[in-house]
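Visitor: There's a structure below that I have some questions on.
The values are calculated or read from the model by the stated rules, or taken from the named source; none is laboratory data. Keep in mind that this is a model prediction, so the values were computed, not measured. Glycine also receives a Cβ, built like all others from the backbone with ideal geometry; neighbour counts cover every protein chain displayed. Side chains are part of the model used for accessible areas, which takes the heavy atoms of the whole protein and leaves out ligands, DNA and RNA. Shrake-Rupley method; radii C 1.70, N 1.55, O 1.52, S 1.80 Å.
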Amino acid sequence: MTLRFIFFILFIEIEVIVSASGDYSVNDRNLVNNQEETLKKAVQKLSEGDSNIPFIITADAKTSHEFVVRVMDVAGQLGFVQLSITTQRSKSN
């Protein structure tokens, strides 16, 4: 096993970014819509079923609560236990 491979394994995470308008990106990949099923499939694909990796939700400060709760619900459905939630200011500020 190479050092680079070991580094990758140790620092894998799922990060869902929620824009002010409720659009999602997962690990820097924009999703085609903000539907729960689309989000769930993207997270499942990236996590390969490993719900022990860190799950980070970063939402714009102006994001509707509904869109953040949807991400939290998906994380819970998939069994993620290491959940972090952060906010960021809109780029327009």
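Visitor: Do the conditions hold for Lys41, that is, is it under 14 Å from the mean Cα position of the chain (by Cα) and open to solvent by 100 Å² or more (accessible area, probe 1.4 Å)? Spell out how you get there, then give the answer.
Guide: Details: under 14 Å from the mean Cα position of the chain (by Cα): yes; open to solvent by 100 Å² or more (accessible area, probe 1.4 Å): yes.
When the stated conditions are applied, Lys41 passes them.
Visitor: Gln35 - would you say it is touching a residue at least 24 places away in the same chain (Cβ under 8 Å), over 16 Å from Ser90 (Cβ atoms) and not hydrophobic (A, V, I, L, M, F, W, C)? First the steps, then the outcome.
Guide: Numbers: touching a residue at least 24 places away in the same chain (Cβ under 8 Å): no; over 16 Å from Ser90 (Cβ atoms): yes; not hydrophobic (A, V, I, L, M, F, W, C): yes.
Answer is no for this residue.
Visitor: Say whether the condition of being among the acidic types (Asp, Glu) and within 14 Å of Ile17 (Cα to Cα) is met by at least one residue in segment 37-59. Walk me through how you get there before you give the answer.
Guide: Of all residues in segment 37-59, those among the acidic types (Asp, Glu) come to 37, 48, 50.
With within 14 Å of Ile17 (Cα to Cα) added as a condition, the list becomes none.
No: segment 37-59 contains no residue that is among the acidic types (Asp, Glu) and within 14 Å of Ile17 (Cα to Cα).
Visitor: Would you mention how many residues in segment 50-76 are part of a helix (DSSP H, G or I) and either of a type in the set (A, V, I, L, M, F, W, C) or open to solvent by less than 80 Å² (accessible area, probe 1.4 Å) (or both)? Explain how you work it out, then say what you get.
Guide: Quick first cut of segment 50-76, residues part of a helix (DSSP H, G or I) only: 65-76.
Pick out the ones that are also either of a type in the set (A, V, I, L, M, F, W, C) or open to solvent by less than 80 Å² (accessible area, probe 1.4 Å) (or both) and you get 67-76.
So the answer is 10.
Visitor: Could you check segment 32-49 and list, in sequence order, the residues that are under 17 Å from Val69 (Cα atoms) and in a loop (DSSP other than H, G, I, E, B)?
Guide: Of everything in segment 32-49, those that are under 17 Å from Val69 (Cα atoms) and in a loop (DSSP other than H, G, I, E, B) turn out to be Asn33, Asn34, Gln35.
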